Amino acid sequence: MSIANIKETTASEEIYTRLTKKKVFFILGLFVALVVVSITATTMGAASLGGRESLQAIVAKILPGLQTTNFADTIVWQLRLPRILMAVLTGLSLGVAGTAMQGVLRNPLVSPYTLGLSAGAACGAGIAIALGISVLGAGRYFIVGNAFIFSLLTMFLVFAISRIRGTAIETLILAGVALSYLFSATISILKYVSDAEVLREIVFWLMGGLYTARWETVILLLPVITIITVLTMRYSWDLNVMSSGEEVAASLGVRVGRVRIIVLTLSALLTACVIAFTGIIGFIGLVSPHTCRAILGNDHRFLIPASGLMGALILLISDTACRTLIQPTEIPVGIMTSFIGVPFFLYLLIRKRRRWWQ
Amino acid sequence: MPCPAERIVSLQAGASELICILGEADRIVGRSKDSNFPPCVEEKLVVAQTTKNINMELLLEQKPDIVIATSYTPAEMQDKIEAAGIPVVIVASTLEVDPLINTIRLLGQMQDKGEEAEEIIGFVEHYVNLVKERTEKLKPEEKPLVYHERTGVYKTSAAETYVDTDIVLAGGVNIAANEPVKYPVVSAEWVLERNPDVILKMAPAGEIATEEVLKEARDEIMTRSGLRDTKAVIDGKVYVHAYVLQRGPQLVVGLLYWAKWFHPELFKDINPSAVHKELLNNFYKLEPEGIFVYPQ
């Protein structure tokens, strides 16, 4: 090997390292932004609780010497923090799931929505509510459980259908779209035949929201979501290779079919976990992967964590706006995610001239 | 207009109920699905899911003399019914006192049952006036702050809703009266800060009101993290009520319960449950069945 050759390698290595550093900084930046926004959100709300008092209430739990009022403690620890954490967890899960699904199916239109998972969950919840189970009390867990089961069921149905014809990507997506229509129709029937108050509960659930966030839910979801996210990230290399085509991936030793099933199942679990509790929150799973791909490129090692953080950030900002804009009245969060996310997304779409998909 | 009508289709639950207590249940030949009280109306044919979703062929097939509809019934539907030569009578909601009385009077005149109608109106007015007279003199500081929650979590009612009207009539102050949305979802911390003296909860829907269900709804409020520290929960002034006590003549029973919860001293002599029994016995020829409020 000549000296010139070695030098060239070092030069490209340098570029690679520099780019990697940039990406790591971007992810760190997102993380810092998320922490800052979380803390800011803790000081905002309908109760007239100043920023100082709110922060005092947080710190008082850690430093027992500090004085705080019972009222501030309840507002911050029982009402604001669980909700903020729930927004972060939900946004993160939807962002990660969306990225993984888009990566594995090599299709920019894929999201928990298009694969029918959201419609499945909604249908499950709708059936539970129509059966006369209340959103309150013990019934709540029945609705959550039903939503969870139905969205996983959807995933397996989509798989089973595509299996029959070989796992062609189009089949998967078409099966997902077809099933969502079926579920939407079922929800429509339930809405049509339900009496007024039941109808309200179904619509309420369909709108999605984070105001029912509780510590129990956060504590239950935190380890589950962390584990699934880490597991998903372990498939980053496989996803990277698969993005250059399935034949290429197969020739490089990636077991394409197996990776696809595992990653999609992980994504389905992730989605099902959160939407079962929050109701349908759309758009995050689509917008955060695209946003991050526009900035970072298609390396899933960076894309997955960045997209998770971006999802968390968008949802947290949206939900905080929902809580505070016309307080004390709450705006449904789906409205806000679209109002905040869409202009941002369109801006990126127009500004970036590069074709960032393939 | 053919009066009295021999064959009536009623697309409004409140009107169906009133026709029955006027003693004209036999005239009903079709109903909306939510017309389910008193029990005798449940035997009638369902020709509409709601006042908006009407099965026109089924409706016309019953050859009604008259169709009772609401302002929510689409104009196209009304036109079609009238094109078939059937007059459409639009009635108001029976969730508030004044429209209720008007509707009772209208239906009474229509069915030649003016005397019966005036009797019911007398009963309703008697108790409404009783509540009014006693709460009118209250000073603002004597009126409890009330948070009313519908079946959804933190879903409440602002001014110009029947819930607000009932709260005001019963001598309370609705904490959400000034909200811009009619049925808003409000933030938990705001409710906590307003610190209501009384919390009312509408019983969960889709369930037969058993003591267990109402108790579960109350326990949920009593232990909910945002409400646990409110004055209402600490004083145990959390009440669950069934939706039926806010519709038709039974709304006076709901009103009496609320007034008594807000001002126990002022309404010491009133027994809402006995008034309920009297109303059902005399006008509906029914015995109260099940449970309507919790705790009783």
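Residues in segment A:100-128 that are in a loop (DSSP other than H, G, I, E, B) and closer than 15 Å to A:Leu179 by Cβ: A:Val110, A:Ser111, A:Pro112, A:Tyr113, A:Thr114, A:Leu115, A:Gly116.
The test for being away from every other protein chain (no Cβ under 12 Å), of a type outside the set (D, E, K, R) and farther than 28 Å from A:Val88 by Cβ does not hold for A:Ser180. Applying the criterion of being under 13 Å from B:Lys44 (Cα atoms) and small (Gly, Ala, Ser) to the residues of segment B:1-33, the residue that is surrounded by the fewest Cβ atoms within 10 Å (Cβ to Cβ) is B:Ala25. Applying the criterion of being within 8 Å of another protein chain (Cβ to nearest Cβ) and part of a loop (DSSP other than H, G, I, E, B) to the residues of segment B:193-207, the residue that is nearest to A:Gln78 (Cα to Cα) is B:Pro204. Considering B:Leu107, B:Leu145, B:Leu130, the condition of being under 19 Å from B:Ala15 (Cα atoms), under 24 Å from the mean Cα position of the chain (by Cα) and in contact (Cβ under 8 Å) with a residue 12 or more places away in the chain is satisfied by B:Leu107 alone. The set of residues from segment A:343-357 being at pLDDT below 80, within 23 Å of the chain's Cα centre (by Cα) and not aromatic (Phe, Trp, Tyr) comprises A:Leu348, A:Leu349. Among the residues of segment A:35-55, which ones are more than 13 Å from every other protein chain (Cβ to nearest Cβ), surrounded by 15 or more Cβ atoms within 10 Å (Cβ to Cβ) and small (Gly, Ala, Ser)? Answer for segment A:35-55, where residues must be more than 13 Å from every other protein chain (Cβ to nearest Cβ), surrounded by 15 or more Cβ atoms within 10 Å (Cβ to Cβ) and small (Gly, Ala, Ser): just A:Ser38. The C-beta contact set for segment B:174-186 (first residue facing another protein chain (nearest Cβ under 7 Å) and under 16 Å from B:Pro196 (Cβ atoms), second residue in a loop (DSSP other than H, G, I, E, B) and of a type in the set (D, E, K, R), distance under 9 angstrom, 6+ apart or interchain) comprises B:Val186/B:Glu179. Residue count for segment A:51-72 under the criterion of being part of a helix (DSSP H, G or I) and more than 15 Å from B:Leu192 (Cβ to Cβ): the result is 9.
Only a single item in (1) away from chain A (no Cβ under 13 Å); (2) under 22 Å from B:Gly236 (Cβ atoms); (3) not in a helix (DSSP H, G or I) is not met by B:Glu160, and it is number (2).
With respect to the conditions (1) without any contact (Cβ under 8 Å) to a residue 60 or more places away in the chain; (2) more than 14 Å from every other protein chain (Cβ to nearest Cβ), A:Ile335 lacks only one, and its number is (2). Kindly list the number of the only condition in (1) modelled with pLDDT of 75 or more; (2) buried (at least 23 other Cβ atoms within 10 Å of the Cβ); (3) within 14 Å of chain B (Cβ to nearest Cβ) that fails for A:Ser134. All conditions pass for A:Ser134, except number (1). Candidates in segment A:69-81 are the residues that are more than 8 Å from every other protein chain (Cβ to nearest Cβ) and touching a helix residue (DSSP H, G or I) at 6+ places or on another chain (Cβ under 6 Å); of these, the one that is surrounded by the fewest Cβ atoms within 10 Å (Cβ to Cβ) is A:Asp73. Between A:Thr186, A:Thr217, the distinction of being more than 10 Å from chain B (Cβ to nearest Cβ), under 20 Å from A:Val274 (Cα atoms) and assigned to a helix (DSSP H, G or I) belongs to A:Thr217 only. Scanning segment A:232-262 for residues that are of a type outside the set (Gly, Ala, Ser) and not in a helix (DSSP H, G or I) yields A:Arg234, A:Tyr235, A:Leu252, A:Val254, A:Arg255. In the condition set (1) more than 14 Å from chain A (Cβ to nearest Cβ); (2) buried (at least 17 other Cβ atoms within 10 Å of the Cβ); (3) basic (Lys, Arg), B:Lys139 is compliant with all but (2).
The values are calculated or read from the model by the stated rules, or taken from the named source; none is laboratory data. As the structure is a computational prediction, the values presented were derived from the model and not from experiment. Note that we place each Cβ from the backbone using ideal geometry, even for glycine, and neighbour counts take in every protein chain shown.
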